[in-house]
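Chemist: Got a structure for you, questions after.
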Amino acid sequence: MKKSGKARAHTNIALIKYWGKADENLIIPMNNSLSVTLERFYTETRVTFDDSLTEDQLILNKEAVNAKESAKIQRYMDMIRKEADISTYALIESDNFVPTAAGLASSASAYAALAGACNEALDLNLSDKDLSRLARRGSGSASRSIYGGFAEWEKGYDDKTSYAHQIESD
């Protein structure tokens, strides 16, 4: 098997913050939150699931990232594999056009793009709601980066009920 998908996601900035996590494992927030998407800043990610790989490989901004530095991504990909009922490892090529450590939530666009690319590569055909849930499992704010414009992240009470939705387009 060799299947690829790609996606672009924009970062967002919270106007109303979620103030911590009610569930650290599922990344469920204490409160609903509201954000606006920043069209200027984004992440583009291509994921290729390939039977010849013996582990996940991450290329970030054209540079290989070692396994220790990419441990969180590997845990996320393990969750994706479990959801998709596959065991194939992936090559993840991601280009980040968000200033790092500038308070612009680069992890939000990164995990939203990764979720979108996996969705396409594995033909999961997820709705935006379910894609938001999947992105949330990598970074809470990523749930809102599935959408443009203004998005609200509903805190919910479990994995199925904690997701974002668009409340106003650009």
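The values are calculated or read from the model by the stated rules, or taken from the named source; none is laboratory data. This one's a predicted model, so the numbers in the text were calculated from it and none came from an experiment. When we count neighbours, we look across all protein chains shown, and the Cβ atoms used for this are built from the backbone with ideal geometry, even at glycine.
Chemist: What is the one condition in (1) loosely packed, with under 12 Cβ neighbours inside 10 Å; (2) closer than 24 Å to Thr161 by Cβ; (3) touching a Ser or Thr at 6+ places or on another chain (Cβ under 8 Å) that Lys82 does not satisfy?
Modeler: All conditions pass for Lys82, except number (3).
Chemist: Among the candidates Ser106, Ser127, which residue alone is hydroxyl-bearing (Ser, Thr, Tyr) and under 22 Å from Lys3 (Cα atoms)?
Modeler: So the residue among Ser106, Ser127 that is hydroxyl-bearing (Ser, Thr, Tyr) and under 22 Å from Lys3 (Cα atoms) is Ser127.
Chemist: Failed condition for Ala67, given (1) surrounded by fewer than 20 Cβ atoms within 10 Å (Cβ to Cβ); (2) at pLDDT 95 or above, with all others met?
Modeler: (2)
Chemist: Considering only residues that are at pLDDT below 95, over 16 Å from Leu60 (Cα atoms) and assigned to a helix (DSSP H, G or I), which ones fall in the range 84-131?
Modeler: None; the set is empty.
Chemist: For Ile16, state whether it is of a type outside the set (Gly, Ala, Ser), surrounded by fewer than 18 Cβ atoms within 10 Å (Cβ to Cβ), at pLDDT 95 or above and touching a Ser or Thr at 6+ places or on another chain (Cβ under 9 Å).
Modeler: Spelling it out, it is not the case that Ile16 is of a type outside the set (Gly, Ala, Ser), surrounded by fewer than 18 Cβ atoms within 10 Å (Cβ to Cβ), at pLDDT 95 or above and touching a Ser or Thr at 6+ places or on another chain (Cβ under 9 Å).
Chemist: If we scan the range 114-125, do we find a residue that is more than 17 Å from Ile13 (Cα to Cα) and out of contact with any strand residue (DSSP E or B) (no Cβ under 9 Å at 6 or more places or on another chain)?
Modeler: yes
Chemist: Which residue pairs have Cβ atoms under 9 Å apart, sit 6 or more places apart or on different chains, and have a first residue in the range 2-27 that is more than 15 Å from Arg136 (Cα to Cα) and a second that is of a type in the set (Lys, Arg)?
Modeler: Within 9 Å, the pairs are Ser4/Arg46; Gly5/Arg46; Lys6/Arg46; Ala7/Arg46.
Chemist: What strands (runs of 3 or more DSSP E) lie completely within the range 1-64 and have 3 or more residues being at negative phi and among the acidic types (Asp, Glu)?
Modeler: Correct list: 33-50.
Chemist: Exactly one condition in (1) out of contact with any helix residue (DSSP H, G or I) (no Cβ under 7 Å at 6 or more places or on another chain); (2) on the phi > 0 side of the Ramachandran plot is false for Ala84; which is it?
Modeler: So Ala84 meets the others, but not (2).
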